[in-house]
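Inspection log for the structure reproduced underneath, given as structure tokens.
The values are calculated or read from the model by the stated rules, or taken from the named source; none is laboratory data. A quick note: this is a predicted structure, and the numbers were derived from the prediction, not measured. Reconstructed Cβ throughout: ideal geometry from the backbone, glycine too, with neighbour counts over all protein chains shown. These area figures cover heavy atoms from the full protein model, side chains too; ligands, DNA and RNA do not enter into them. Shrake-Rupley method; radii C 1.70, N 1.55, O 1.52, S 1.80 Å.
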Amino acid sequence: MENFGEEFESKTGNFLKDPLSLHDLIETGCNFEISTNFDEDVAHKIFDELNLGSDEEDDNENRRSSDELRDLVSPWLQPFAELKENMLQINPYLWKKITKVGKESEPVVPFRNARVNLRYNAYWEGQGAPFDSSFLRGSSLTFYTGLGEVLEGLEAAVCTMHSGEHSQFVISYHLLFREMGCPPRIKPKADALFIIELLSYNLVGDIDADLQISPEDKTKFPVVIGKVKDIHLKGLDFFRQGLYRNAGRAFEKAADMLKFCRLANEVEEEEQKHFLIKLFTNLAVCYIKVNLPSRTCIVCKEIRQLTNNKPSCKALFQEGRALLMLGEYKRARELLVKAQYMEPHNNDIGNELKILDTRYSRYKEDERSIWTKAMGIIKSKDDDQDTLKKEANLNELEEEMLELLQNFKDDESQNKLCIPAGFTSKEIDIIGNLAKRLELKLSLDPLHNGRYSVNKKKV
């Protein structure tokens with residue numbers, strides 16, 4: 001099976017020479033250096049952005065945002081002690097009041113392995129303007145629980161919330177900036193009011209969950225299945241972020257762990273089969289995303305074996321897409337039509353069939369154009385008995401074929417070029433040498449009555 005590799009994709013950026021630990025910063029303090037290796041024009045760009053537009057446009061913007069600014073004003077300017085009287089005390093350092101109920105049928109945010117998305121305003125006691133606000137930044141905040149990425153108090157508050165919930169929290173300085181604070185901006189022993197909207201959260205699992213399994217338990221299904229699910233969740237999280245290679249690596253890892261488990265009974269066998277189908281289906285999608293259609297076909301064969309050749313609509317659709325990418329138009333149509341029969345109102349399947357029809361029509365036109373000229377050269381050669389002219393025609397055929405194969409290679413929508421009957425073995429050798437020169441592959445195609453075809457080598 002294709003391996004996605006060991007390095008994980010990441011997108012990072014920092015003006016610090018070395019990253020800071022928020023925990024170390026609060027507990028013991030840190031020394032840090034600012035990196036000067038950044039665009040010197042950044043300050044000018046920011047300055048320009050702050051001064052865009054005419055005075056009239058600024059007036060319109062001010063009127064438009066007046067309601068938003070009112071929402072930023074603290075709803076409580078009295079001492080926090082009075083506010084706490086109408087709140088639920090969660091622990092000695094945290095008080096809560098729900099202002100909008102969330103999805104209480106779902107669990108609250110877990111303390112580990114969850115990716116949280118929220119908006120918030122934060123206020124010091126007695127102050128109307130926020131000292132920190134995602135609303136002012138015009139974006140939401142995303143962080144992972146259990147990694148210390150945000151203030152301890154903010155994370156503790158979020159871990160009491162349901163998805164969609166709005167709540168107010170008074171958080172003690174013990175969970176914020178401790179006794180010292182950070183003068184002059186943050187006073188010593190400063191409590192804060194946080195108003196939080198929990199937009200959503202997703203369980204993200206753990207890509208290294210397998211490391212928690214002892215060597216003697218690595219093939220025990222009851223132990224392995226829990227870790228496989230953690231790795232699968234991490235793969236889903238990668239996929240949501242568009243990190244398809246990372247997602248594929250996670251699904252591959254989970255599938256390999258699960259395939260080699262010892263099964264004690266039919267119940268475990270059924271659970272293993274069910275989860276392998278899920279992993280292989282997800283892998284099929286990832287391979288499509290990173291342009292590895294042949295690997296999609298391989299995992300779809302695994303799905304067929306697990307389902308007694310009765311794959312789901314989703315698996316049929318992905319296999320059909322892969323075959324379309326490989327230029328196997330007839331087989332792709334068969335599978336897509338089957339998928340459409342199973343889900344007749346699925347627009348994605350209908351759109352894929354339209355793409356197939358368009359590409360197949362263009363492919364047939366290109367094929368006729370390519371071989372009409374080539375066969376004309378062959379006929380001219382056969383009609384002429386002069387040896388020198390035959391050699392000249394062969395040279396002309398070589399020049400024409402080189403151009404045609406180069407055009408085929410450059411066309412990303414085609415992966416196979418079928419060669420019609422009528423070429424001699426010497427001419428096939430010429431085509432084979434030209435294909436090799438262009439890093440293409442000439443092979444017999446059993447799906448087309450043993451005719452030759454030129455294929456692009458798999459990456």
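Consider region 254-282 and keep the residues that are under 16 Å from the mean Cα position of the chain (by Cα) and either under 18 Å from ALA209 (Cβ atoms) or not assigned by the TED database to the domain that holds GLU328 (or both). The one that is surrounded by the fewest Cβ atoms within 10 Å (Cβ to Cβ) is ASN282. Restricting attention to region 222-231, does a residue exist that is under 30 Å from TYR120 (Cα atoms) and at pLDDT below 95? Yes, region 222-231 has at least one match. Say whether the condition of being under 25 Å from GLY226 (Cβ atoms), modelled with pLDDT of 95 or more and open to solvent by less than 40 Å² (accessible area, probe 1.4 Å) is met by at least one residue in region 118-133. The answer is no, given that none of the residues of region 118-133 is under 25 Å from GLY226 (Cβ atoms), modelled with pLDDT of 95 or more and open to solvent by less than 40 Å² (accessible area, probe 1.4 Å). Only residues that are under 22 Å from the mean Cα position of the chain (by Cα) and either outside the structural domain of ALA284 (by the TED database) or more than 21 Å from HIS345 (Cα to Cα) (or both) were counted across region 304-322, and they come to 1. So for region 157-176 (the condition being free of Cβ contacts under 8 Å to residues at least 12 places away in the same chain, of a type in the set (Ser, Thr, Tyr), out of contact with any strand residue (DSSP E or B) (no Cβ under 6 Å at 6 or more places or on another chain) and over 22 Å from VAL73 (Cβ atoms)), does at least one residue qualify? The answer is no; no qualifying residue exists.
For region 351-372, indicate whether the set of residues that are modelled with pLDDT under 85 and over 43 Å from the mean Cα position of the chain (by Cα) is non-empty. Yes, region 351-372 contains a residue that is modelled with pLDDT under 85 and over 43 Å from the mean Cα position of the chain (by Cα).
In this structure, GLU427 does not qualify as part of a helix (DSSP H, G or I), at pLDDT below 75 and either out of contact with any strand residue (DSSP E or B) (no Cβ under 7 Å at 6 or more places or on another chain) or crowded, with 17+ Cβ neighbours inside 10 Å (or both).
Residue count for region 233-253 under the criterion of being farther than 17 Å from LYS289 by Cα and at pLDDT 95 or above: the result is 1.
Entry remark, region 269-295: residues being over 24 Å from ILE225 (Cα atoms) and of a type in the set (Lys, Arg) number 2 in total.
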